[in-house]
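The values are calculated or read from the model by the stated rules, or taken from the named source; none is laboratory data. Because the structure is predicted, anything quoted here is derived from the model rather than measured. Quick reminder, even Gly has a Cβ in these numbers, built from the backbone with ideal geometry, and neighbours come from all protein chains shown.
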Amino acid sequence: MRNHGHELRDDTVAVMPFHVVGANGDLWREGLLDLLGTALDATGQFHSSDPRAVLNRWNRAAADPSELPEPSKAAEVAGQLGAGRVILGSLIRTAPNQVRLAADLYSVRWLRKEATAVVEGPDDQMIDLVDQLTIDLLRSVWDGDDIPDVRTSAMTTASIPALRAYLEGERYFRHSQFDEARAAFTKAVEQDSTFAIAYYRLTQTYGWFMGLGAEEVPMYLAAAER
């Protein structure tokens with residue numbers, strides 16, 4: 001048993017940055033944290049550690065943050081955040097429009113692999129692939145009857161162009177590049193005018209970039225809540 005000096009919650013999962021090969025590494029390395037975290041939160045039984053906190057700690061702890069995290073180092077970072085479980089994953093482009101997602105779920109307390117999942121499909125079905133990956137990972141640790149039908153698209157968007165723009169905006173926002181984040185979130189809602197989370201992020205971005213008194217803030221907040 002590993003002593004992390006923090007109380008660990010087994011229902012909290014830290015998703016580490018994905019190792020990406022042959023795809024848009026800058027986008028998906030961090031973007032899959034957001035998507036997998038959203039899928040975990042949708043189950044109602046698990047929730048994800050804050051992606052920004054995970055990335056900040058991992059970027060400080062890792063010799064090369066872009067490489068596949070080593071399980072013991074990842075567990076150490078997860079434990080610092082109070083997460084009782086950690087997910088390590090990779091994204092590999094196997095053909096021009098085909099990708100393979102693979103992930104392992106570890107117990108932080110015991111550094112024991114609890115589940116492995118692999119899914120493969122077209123890259124324009126990334127949301128569905130993430131949902132299936134999440135369900136497959138949780139089967140062995142689910143407490144209760146059937147795992148709910150996770151639908152990340154219901155909380156984000158079914159539009160892949162809008163999703164890509166949103167994930168780019170999240171990456172810029174985490175790095176305090178608010179002008180770039182504003183442009184990316186604006187592109188996301190142009191691609192999908194019902195993308196509530198992107199509208200909400202626009203209100204936050206304008207709040208940081210131009211102040212909460214900016215005239216755009218109430219407009220985008222109303223769009224997020226409709």
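Does region 57-68 hold any residues that are without any contact (Cβ under 8 Å) to a residue 24 or more places away in the chain, part of a helix (DSSP H, G or I) and surrounded by 14 or more Cβ atoms within 10 Å (Cβ to Cβ), and which are they? Can you show your working first?
Step one: of region 57-68, the residues without any contact (Cβ under 8 Å) to a residue 24 or more places away in the chain are 59-64.
With part of a helix (DSSP H, G or I) added as a condition, the list becomes 59-61.
Correct list: Ala61 only.
Would you check which residues across region 18-56 are under 14 Å from the mean Cα position of the chain (by Cα), surrounded by fewer than 20 Cβ atoms within 10 Å (Cβ to Cβ) and not in a helix (DSSP H, G or I) and list them? Hits for region 18-56 are His19, His47, Asp50. How about region 148-191: which of its residues are among the basic types (Lys, Arg) and in contact (Cβ under 8 Å) with a residue 40 or more places away in the chain? Across region 148-191, the qualifying residues are Arg151, Arg164, Arg171, Arg174.
For region 69-90, indicate whether the set of residues that are among the charged types (D, E, K, R), touching a residue at least 60 places away in the same chain (Cβ under 8 Å) and not in a helix (DSSP H, G or I) is non-empty.
Step one: list which residues in region 69-90 are among the charged types (D, E, K, R), which gives 70, 73, 76, 85.
Still in the running and touching a residue at least 60 places away in the same chain (Cβ under 8 Å): 76, 85.
So of that shortlist, the ones also not in a helix (DSSP H, G or I) come out as 85.
Yes, that holds for at least one residue.
Would you mind finding the one in Thr134, Thr94 that is assigned by TED's automatic domain parsing to the domain that holds Leu32, closer than 29 Å to Tyr199 by Cα, out of contact with any Asp or Glu (no Cβ under 6 Å at 6 or more places or on another chain) and not aliphatic (A, V, I, L, M)?
Details: Thr94 fails: closer than 29 Å to Tyr199 by Cα.
It is Thr134.
Each residue in region 158-173 was checked for being closer than 15 Å to Ile127 by Cα and either under 14 Å from the mean Cα position of the chain (by Cα) or among the small types (Gly, Ala, Ser) (or both), and 8 pass.
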